[in-house]
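One structure below.
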Amino acid sequence: MAALALGAAASCSSGTTGPTAHGADTITANYALTGVVNPSTHKGGTLVLGGTQDLDSVDPVNQYYAYSWDFSRYYARPLMAYKVGAPGSASIQLVPGLAAAVPTASADGKTWTVKIRSGLKFSNGEPITSKDVKYAIERSYAVDSVNPAGPEYFQAVLTGGTYPGPYKDKSADHLGLTGVDTPDDTTLVFHLVAPYNDFPYVLTMPQTAPVPIDVDQNQATGGLNYTGTTVVSSGPYTISAYTAGKNITLTRNPNWSAASDPNDPALPDKITVKTDWDATQLDQAILAGTVEADYAGSGLQTADVASVLSNPAKKKYTDNPSANATRYISIDEDVAPFDNAHCRMAVAYALNKVDLVNARGGEIAGAKIANTMLPPGVPGHVNANPYPTGADSKGDVAKAKAELAACGKPNGFSTGIITINTGKGPGGAIALQNALARAGITTTITQVEGSKYYSQNLQRPEVMKNKGYGLALAAWGPDWPTPFAFFSQITDGRLLTATSSGSNYGRVNDPVINGLLDQMRAAKTSSEAAALASRLDAQVMSDAMYIPYGYDTLLLARGKDVTNYYISNAYNGLPDLIAMGVVS
């Protein structure tokens, strides 16, 4: 995340709704990093978005792409939210969403109480109650069915032990999770296993958006059909049409009330997303103004970067944020010979980080070379380099061959690389393949559709092992701007199961790391958490299951008719989708 904001979108004086009225000619490149492009209160029209891949899931419980969290707010209201209308560093300000006020904690920090707004309704007309929120949270425990890919924070922080999820819940109302109480229809009481100062951030996740119990339990397959147009909305829009891998259409939710949701401006009448664009054609469509934004924030493709930056008329419609995310090679230790640390270290030394960064678009539109997992924008980052790849960062082949000898593979070995089949994925896999070949490691590349990449491959240990996918290209940003939110889901071995790796693709299960995570979760100050994060980062690197090569940068294009456009730090450098409107 995902990488991982109350108020209305920034507005202007009455009657000025178009770009020209707001001085569009004065808008420059990078304006959206700190300012709001074309602020407007105008309601109406169709906001046209595009992308090269689908959401990882339409069901909010099973989303973990940052852009999916960004997009899902149209139809799924979490308990807490980030302030809309606030660009840059102000965008990480927490405000109530479905909640009526910020949560309150007990003196010992282990009990949190949240009141939700009264009088709320789902798009089907049913009232929204605290029980619907509890039920939604319970669904996150069903990692063997509806949540194979989403985050598992509640399992880690709430009391309730090994609750199996609502579909195996023997209680009559399917609300047997003891970590959450619902004493009345507008109150939730959360019981934590230990104090956790970040807990309000957990409540921003789509998994806290309410789900109507009767609708989900009526599904013949126990909730597994709660997707597409069957998702019941709690936000300003409903999913009126959905074709997996093709398109999404949102229209206004007739039971949503602006008075009860002051953080969501809900400006367009309709939102359409074509999700199967060719990446280069999408770039051209945005620059031509027929599409207003790439909803996934993939950034301009390598072939388009130079021509756009050299053309002032096009460059002014671009922004170049740092995404606060790390690109890395995930090594699955269950795929031989990666059960031997020296074989993993051979990969680390062999990387040509220059080629990998260039495959993403270079330092401006791709990534800046990284040598350690924790990105510079997260407290605790230390500029360490435990596996030097030469003065030019193009690989230390001699050191890689020495590690191969140490792991009993002096002549190298063969393994599989898995990547997505669109955008910058294939080029990155080829760069990795070429770098490893110099050391004698031969690889076969498999490309898969982006929305299935994690949920049906990296998060399924039996698939990775059986198909020999020892290496995978991955990326990770903090779910919110703290070091625990960066590390917990990708390194906590206690969340692993036989059938699911969650987001811990390398299946890291190191007692030292687990202990540092517990200390970080209980940290009372940000400086204490940062110091623990530096130690944890060093330990992760010593295990050599994650090998970083780049810290993400993006070159994003925006359409000429989009209003209220700005970059949100809350979503790792993506545009704040829910703020946008359009000149109709």
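Just so you know, all these numbers are worked out from the coordinates, no wet-lab data involved. Small disclaimer: the values here were computed from a predicted structure and weren't measured. Note that each Cβ is placed from the backbone with ideal geometry, even for glycine, and that neighbours are counted across all protein chains shown.
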Legend entry - Whichever aspartates and glutamates have a C-alpha closer than 19 Å to that of Lys43, once near sequence neighbours (fewer than 8 apart) are set aside: Asp261, Asp264, Asp269, Glu292, Asp561, Asp576
Inset, instruction - Determine, from the Cβ-Cβ distance of Lys43 and Gln281 and an R0 of 25 Å, the FRET efficiency 1/(1 + (r/R0)^6), rounded to the nearest 0.05. - result: 0.25
Legend entry - Tensor-based shape of region 431-584 (alpha-carbon gyration tensor, a/c under 1.5 rounded, otherwise prolate or oblate): oblate
Legend entry - Rounded to 5, percent antiparallel among DSSP beta bridges of the chain: 75
Inset, instruction - Using amide H atoms built 1.01 Å from N in the peptide plane, name the residues 5+ places from Phe122, or on other chains, whose amide H lies under 5 Å from its own. - result: Ile128
Inset, instruction - Mind running the shape call on the chain? Use the C-alpha gyration tensor, a ≥ b ≥ c as the square roots of the eigenvalues: rounded below 1.5 for a/c, prolate if a/b tops b/c, oblate otherwise. - result: oblate
Legend entry - Extension gain, Lys467 back to Ser257 (0.36 nm per residue minus Cα-Cα distance, nm): 70.6 nm
Legend entry - Pairwise centroid distance, computed over Cα atoms, of region 30-62 with region 361-414, Å: 35
Legend entry - All lysines inside 30 Å of Lys168 as judged from Cα atoms, apart from same-chain residues fewer than 8 positions distant: Lys110, Lys115, Lys121, Lys131, Lys134, Lys452, Lys465
Legend entry - Radius 15 Å from Cβ of Leu175, net charge of other residues (Lys, Arg +1; Asp, Glu -1): -4
Legend entry - FRET efficiency, Thr230 to Gln93 (Cβ-Cβ, R0 45 Å, nearest 0.05): 0.85
Legend entry - Calculated from backbone phi, Karplus (6.51, -1.76, 1.60) coupling profile of region 338-346 in Hz, x at Gly/Pro: 6, 6, 9, 4, 5, 5, 5, 5, 4
Inset, instruction - Add +1 for every Lys or Arg and -1 for every Asp or Glu among the other residues with Cβ under 11 Å from the Cβ of Tyr226, and state the total. - result: -1
Inset, instruction - Return the lysines within reach of Lys353: Cα separation strictly under 24 angstrom, same-chain partners fewer than 8 residues apart disregarded; answer none if there are no such residues. - result: Lys368, Lys394, Lys399, Lys401, Lys409, Lys424
Legend entry - Percentage relative contact order, region 117-234, counting C-alpha pairs under 8 Å, at least six apart: 33
Legend entry - the chain: calculated mean residue ellipticity at 222 nm from DSSP helix runs of at least 4, using -39500 (n - 2.57): -6500 deg cm²/dmol
Legend entry - Per-pair calculated FRET efficiency, R0 = 60 Å: Ala398 and Thr162 via Cβ, rounded to 0.05: 0.80
Inset, instruction - Quick one: Debye curve from the alpha-carbon atoms of region 18-125 only, equal weights, vacuum; give me log10 I(q)/I(0) at q = 0.14, 0.18, 0.21 Å⁻¹ to two decimals. - result: -0.87, -1.24, -1.36
Legend entry - Distance from region 492-555 to region 308-332 (C-alpha centre basis), Å: 25
Inset, instruction - Quick one: dipole size for region 290-337, taken about the Cα centre, charges +1 on Lys/Arg Cβ and -1 on Asp/Glu Cβ, in debye to the nearest 20. - result: 480
Legend entry - Note, ³J(HN,Hα) from phi for region 297-308, Karplus 6.51, -1.76, 1.60, rounded to Hz, x at Gly and Pro: x, 5, x, 4, 6, 3, 5, 9, 4, 4, 5, 6
Inset, instruction - Show the residues, 5+ positions off or on another chain, whose built amide H is closer than 5 Å to the amide H of Gly506. - result: none
Inset, instruction - Amide H neighbours of Gly559 under 5 Å, at least 5 residues apart or on other chains, H built in the peptide plane: list them. - result: Ala293
Inset, instruction - With label points built 7 Å along Cα→Cβ from the Cα atoms of Asn421 and Lys246, find their separation and express it in nm. - result: 1.7
Legend entry - Distance (nanometres) between label positions extended 7 Å along Cα→Cβ at Lys170 and Glu363: 6.2
Inset, instruction - Per residue of region 103-115, in order, report the coupling 6.51 cos²θ - 1.76 cosθ + 1.60 (Karplus, θ = phi - 60°) as ³J(HN,Hα) in whole Hz, putting x for Gly and Pro. - result: x, 10, 10, 6, 4, 8, x, 9, 10, 10, 10, 10, 9
Inset, instruction - Using only the Cα atoms of region 103-152, build the gyration tensor, take square roots of its eigenvalues as a ≥ b ≥ c, and label the shape rounded, prolate or oblate: rounded if a/c is under 1.5, else prolate if a/b is larger than b/c, else oblate. - result: oblate
Inset, instruction - Run the dipole for the chain about the Cα centre, Lys and Arg Cβ at +1, Asp and Glu Cβ at -1, nothing else charged, and hand back the magnitude in debye, nearest 20. - result: 680
